[in-house]
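Just below is one structure, and these are the notes that go with it.
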Amino acid sequence: MRVTTERDRCVGSGQCALLSPEVFDQDDEGLVVVLVEEPAEAQREEVLRAADLCPARTIRVHD
């Protein structure tokens with residue numbers, strides 16, 4: 001699994017960082033930062049949930 005984002009579409013809600021703090025964070029402007037581009041399989045559910053709940057739909061999960 002590989003995670004990418006479209007930072008230019010991020011609205012800074014922070015849902016990703018709350019749901020999967022080992023994979024996502026926010027920069028000083030509140031925009032998404034991917035900390036781990038290839039998360040462990042054990043993190044799959046939380047990453048998928050973060051992608052699903054992202055209000056701007058900026059998170060992409062690639063298998």
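Table for the structure above
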read-out: Computed log₁₀ I(q)/I(0) - Debye formula, equal Cα scatterers, no solvent, the chain, q 0.14, 0.16, 0.18, 0.22 Å⁻¹; value: -0.30, -0.39, -0.50, -0.77
read-out: Residue-level accessible surface for residue 44, protein heavy atoms, 1.4 Å, Å²; value: 50 Å²
read-out: The chain, helix-only ellipticity at 222 nm - DSSP H runs n ≥ 4, -39,500 (n - 2.57), divided by all residues, nearest 500; value: -6000 deg cm²/dmol
read-out: Selection from 32, 55, 4, by position along the positive dipole direction of the chain (Cβ); value: 55
read-out: With every protein chain in place, the chain: carbon and sulfur % of accessible area (1.4 Å); value: 45 percent
read-out: Residues of the chain: accessible area per residue with a 1.4 Å probe, Å²; value: 62 Å²
read-out: Highest-MSF residue in the chain out of 40, 50, 17 [GNM, Cα springs under 10 Å]; value: 40
read-out: Sequence-distant residues sharing a close amide H with residue 11 (under 5 Å, placed H); value: 56
read-out: Per-pair calculated FRET efficiency, R0 = 25 Å: residue 62 and residue 13 via Cβ, rounded to 0.05; value: 0.70
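The values are calculated or read from the model by the stated rules, or taken from the named source; none is laboratory data. Just so it is clear, the model here is predicted, and its values are computed rather than measured. Glycine gets a Cβ as well: all are built from the backbone with ideal geometry, and neighbour counts include every protein chain shown. In case anyone asks, the SASA skips ligands and DNA or RNA and just uses the protein heavy atoms, side chains included. Shrake-Rupley method; radii C 1.70, N 1.55, O 1.52, S 1.80 Å.
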